[in-house]
Amino acid sequence: MSERKVIFTDKAPAAIGPYSQAIAIGNMLFASGQIPINPENGNIDAQGIIAQTEQVCKNIAAVLQAAGTSYEKVIKTTCFLKNMGDFADFNSVYAKYFVSKPARSCVAVKALPKDVLVEIEIIAEI
């Protein structure tokens, strides 16, 4: 059986509840959803869907790096948008980071933690 390893980096926001930033098991990484918290101050500094998606993607990059993997190895994402009207702007940023075009689900939700506009979780190969 593969060893379970908790992934943590101070370059991404710390968990704001009873969960880990990510868990690695075998050659797979299961990352918790990232919201646009600035890890340097714990605040939501980014305004608007484009800026918030950029921050989320930077946070994901930090978790991927801490686990020893990269965006190219992401195989599945689940994306949560507060407003599906933001879909095109969200995709414009998403496409810059997820160039390998992983499998994806994208849904609109009524609300997200800290009233942010976007959250993304990932599964990646290590």
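Listing for the model above:
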{"read-out": "Residue within region 71-80 that is loosely packed, with under 12 Cβ neighbours inside 10 Å and either at pLDDT 95 or above or among the hydrophobic types (A, V, I, L, M, F, W, C) (or both) present", "value": "no"}
{"read-out": "Odd one out for ILE23, checked against (1) assigned to a helix (DSSP H, G or I); (2) in contact with a Phe, Trp or Tyr (Cβ under 9 Å, 6 or more places away or on another chain); (3) open to solvent by 20 Å² or more (accessible area, probe 1.4 Å)", "value": "(1)"}
{"read-out": "Cβ-Cβ under 9 Å pairs, at least 6 apart or on other chains, region 39-50 side free of Cβ contacts under 8 Å to residues at least 40 places away in the same chain and closer than 13 Å to LYS114 by Cβ, far side open to solvent by less than 80 Å² (accessible area, probe 1.4 Å) and not in a loop (DSSP other than H, G, I, E, B)", "value": "ASP45/ALA51; ASP45/GLN55; ALA46/GLN52; ALA46/THR53; ALA46/GLU54; ALA46/GLN55; ALA46/VAL56"}
{"read-out": "Residues being more than 19 Å from SER105 (Cβ to Cβ), over 11 Å from the mean Cα position of the chain (by Cα) and part of a helix (DSSP H, G or I) - total across region 53-94", "value": "3"}
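The values are calculated or read from the model by the stated rules, or taken from the named source; none is laboratory data. Everything quoted here is computed from the prediction, not taken from an experiment. Quick reminder, even Gly has a Cβ in these numbers, built from the backbone with ideal geometry, and neighbours come from all protein chains shown. In case anyone asks, the SASA skips ligands and DNA or RNA and just uses the protein heavy atoms, side chains included. Shrake-Rupley method; radii C 1.70, N 1.55, O 1.52, S 1.80 Å.
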